[in-house]
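The values are calculated or read from the model by the stated rules, or taken from the named source; none is laboratory data. The structure displayed is predicted, hence computed values, not measured ones. All Cβ positions, even for glycine, are placed from backbone atoms using ideal geometry, and neighbour counts span all protein chains on display. Ligands, DNA and RNA are stripped out before the accessible areas are found, and what is left, the full protein with its side chains, is counted by its heavy atoms. Shrake-Rupley method; radii C 1.70, N 1.55, O 1.52, S 1.80 Å.
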Amino acid sequence: MLDINNAIATLVQSSNTYFLLMGAIMVFAMHAGFAFLEVGTVRHKNQVNALVKIITDFAVSCLAYFFIGYWIAYDVTFLSPASELSTNNGYDLVKFFFLVTFAAAIPAIISGGIAERAKFYPFLIASALIVALVYPFFEGIVWNGNYGLQTWLEQTTGASFHDFAGSVVVHAMGGWLALVAVFFLGLRNGRVKDQKLVAFAPSNIPFLALGTWVLCIGWFGFNVMSAQTLDGISGLVAVNSLMAMVGGIIAALFFGKNDPGFIHNGPLAGLVAVCAGSDIMHPIGALVVGIVAGWLFVKLFTIMQQTQKIDDVLGVWPLHGVCGAWGGLAAGIFGLEALGGLGGVSFMAQLLGTLAGILVALLGGAIIYGIVNMLSGLRLSQEDEFHGADLSIHKIGSTNHD
């Protein structure tokens, strides 16, 4: 009987490891989606830079999170012999792999906002500092109970802050950090002509659409596999993600008046918003959350295109920052039993937790980008920006017509 119990325990542990590994791979693949979404949106002279930023940001994020960030968030280091790290089928290592794909999404989100006029290495350094210090600080508060905020919220409001898959921890954090970076950079050259704002059309709609499809598919790993164990898996999370995605598409189609850029960002808005409460909402509630998120993105991005203060190339602040914050609040609304949810949430806790995430992002971004800007500057010279980041930084264009 003991042998049978040991065999079952080994099977469960190895299954959990494999389950989370598949989730890590799916979320890792989403970074290709971030890359192609940016490639399709920016002008032709900045496409190489978009691709290089995403993959190098992932590399420095992995190192920063491995040595510092994961330790700050979970008080776990990997400075142990491989014999210890490989226990339980290496589950703890795979958990790191899964969570680093979340952490690296922060600079991938920011990349879309700062596109076409940002220096390469200063922002690479800033990405490493954000993933090492700012992101894990808030991640640890929410997902590991650090510093007692969750305990205080539960005692005060009756529930802790609920963010199942990172509407606030990942997406709002990335979006509000991007807003700070975009503010430091200012408008791209050429956006204002004859005192009127000029919009730059996407360079490649098929690449933009490809990025959306890759992100949408990977998102089911992002959300469903946030359970982190097989016994926690829920079809409710999958269907809620699906319904929110569909709601975002429909809203973007209607309010965006058939614009392909809006239509392909609509599903992402819905998916961002549903992350927090995907495990507790009713599917109809998730649909409403997605519809509101799609509408929010279209309206706010349209407004941003008409202001000379903020030049957010991919609209990452409305998409991730605002829709992520909406997702945090929505979990406290549509997660309630009165609206068909599973309950166990408090709107006040969701409000306070969401505001805390925004505050950490704004303060952390202001400190890091402020210091980097002071030491090296964040923006390309006018000449380099005119020639494009591809030739100015990487010395090669995205295509060769010879």
The stretch 55-139, dipole about Cα centre (Lys/Arg Cβ +1, Asp/Glu Cβ -1), debye to the nearest 20: 240
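Just check the stretch 124-278 against the gyration tensor rule for me: Cα atoms, a ≥ b ≥ c as the square roots of the eigenvalues, rounded for a/c under 1.5, and otherwise prolate or oblate depending on whether a/b exceeds b/c.
Working: a/c = 2.22, a/b = 1.37, b/c = 1.62.
Here the stretch 124-278 falls in the oblate category.
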For the stretch 72-208: span of alpha carbons on each principal axis (Å, largest first): 63, 43, 30
Neighbourhood net charge (13 Å Cβ-Cβ; Lys/Arg +1, Asp/Glu -1) for E385: +2
Cut-off under 5 Å, modelled amide H: who pairs with A118 long-range: L380
J(HN,Hα) series, the stretch 228-244, from Karplus relation 6.51 cos²θ - 1.76 cosθ + 1.60, nearest Hz, glycine and proline x: 6, 9, 5, 6, x, 5, 9, x, 4, 4, 5, 6, 4, 4, 4, 5, 5
Max mean-square fluctuation residue, GNM over the chain, Cα-Cα springs under 10 Å, options A199, A118, A126: A199
Candidates I109, I358, I125: whichever shows maximal mean-square fluctuation once the chain is modelled as a Gaussian network with Cα springs under 10 Å: I125
Integer Hz, Karplus 6.51/-1.76/1.60 couplings in order for the stretch 73-87, x for Gly and Pro: 6, 10, 6, 10, 10, 10, 8, 10, x, 4, 4, 7, 5, 8, 5
Cα-based Kirkwood hydrodynamic radius, the stretch 112-165, one decimal, Å: 13.4
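Rounded to the nearest 20 debye, what is the charge dipole size of the chain about its Cα centre when +1 sits on each Lys and Arg Cβ and -1 on each Asp and Glu Cβ? Intermediate values should be presented prior to the final figure.
On the way: 15 positive and 22 negative charges, 237 e Å.
Rounded to the nearest 20 debye, it is 1140 debye.
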Between helix 205-224 and the chain: long-axis angle, C-alpha atoms, 0 to 90°, nearest 10: 20
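Determine the order of C62, C275 by accessible area, beginning with the largest, at a probe radius of 1.4 Å. Mind dumping the intermediate values first?
Details: C62 40, C275 0 Å².
Final ranking, largest accessible area leading: C62, C275.
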MRE, 222 nm, helices only [DSSP H, n ≥ 4, -39500 (n - 2.57), over the chain, to nearest 500]: -21500 deg cm²/dmol
Cα Rg over Rh - the stretch 1-137, Kirkwood: 1.10
P(r) of the stretch 359-402 over all Cα-Cα pairs, binned every 10 Å from zero, in whole percent: 24, 30, 27, 15, 4, 0
Directionally averaged shadow of the chain, computed from the convex hull of its alpha-carbon atoms, nm²: 22.1
Cα gyration tensor shape for the stretch 246-375, rounded if a/c is under 1.5, else prolate or oblate: oblate
Label-point separation in nm, Q382 to I25, each point 7 Å along Cα→Cβ: 5.2
Angle in degrees between helix 2-41 and the longest Cα principal axis of the chain, rounded to the nearest 10: 10
Full-stretch length increase - L133, L11 - with 0.36 nm per residue and alpha-carbon distance subtracted: 40.3 nm
Inter-part distance where the stretch 120-177 and the stretch 12-50 are each reduced to a Cα centre, Å: 21
Table column - 3J(HN,Hα) (Hz), the stretch 177-183, Karplus curve with 6.51, -1.76, 1.60, x for Gly and Pro: 4, 4, 4, 5, 4, 5, 4
Cleavage-rule hits, trypsin sites (Lys or Arg not before Pro), the stretch 303-402, DSSP coil, Cβ neighbours within 10 Å at most 12: K309, K395
Inter-centroid distance (Cα atoms) of the stretch 228-268 relative to the stretch 58-116, Å: 27
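If W326, W295 are ordered by their accessible area, calculated over protein heavy atoms with a 1.4 Å probe, which sequence runs from highest to lowest?
Values: W326 45, W295 100 Å².
Solvent-accessible surface, decreasing: W295, W326.
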Amide hydrogen neighbours beyond the local backbone of G145, cut-off 5 Å, H modeled: none
Gyration tensor verdict on the stretch 306-402 (Cα atoms; rounded if a/c is under 1.5, prolate if a/b is larger than b/c, oblate otherwise): prolate
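What number do you get for the stretch 204-319 when its Cα radius of gyration is normalised by 2.2 N^0.38 Å, N = residues?
Numbers: Rg = 14.5 Å, N = 116, 2.2 N^0.38 = 13.4 Å.
Dividing the Cα radius of gyration by 2.2 N^0.38 Å gives 1.08.
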Highest-MSF residue in the chain out of G90, G166, G341 [GNM, Cα springs under 10 Å]: G90
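When ligands, DNA and RNA are left out and all protein chains stay put, how many square angstrom of accessible area per residue does the stretch 297-402 have with a 1.4 Å probe? Spell out each step's value before the answer.
Values: 5110 Å² over 106 residues.
With all protein chains present, the stretch 297-402 gives 48 Å² per residue.
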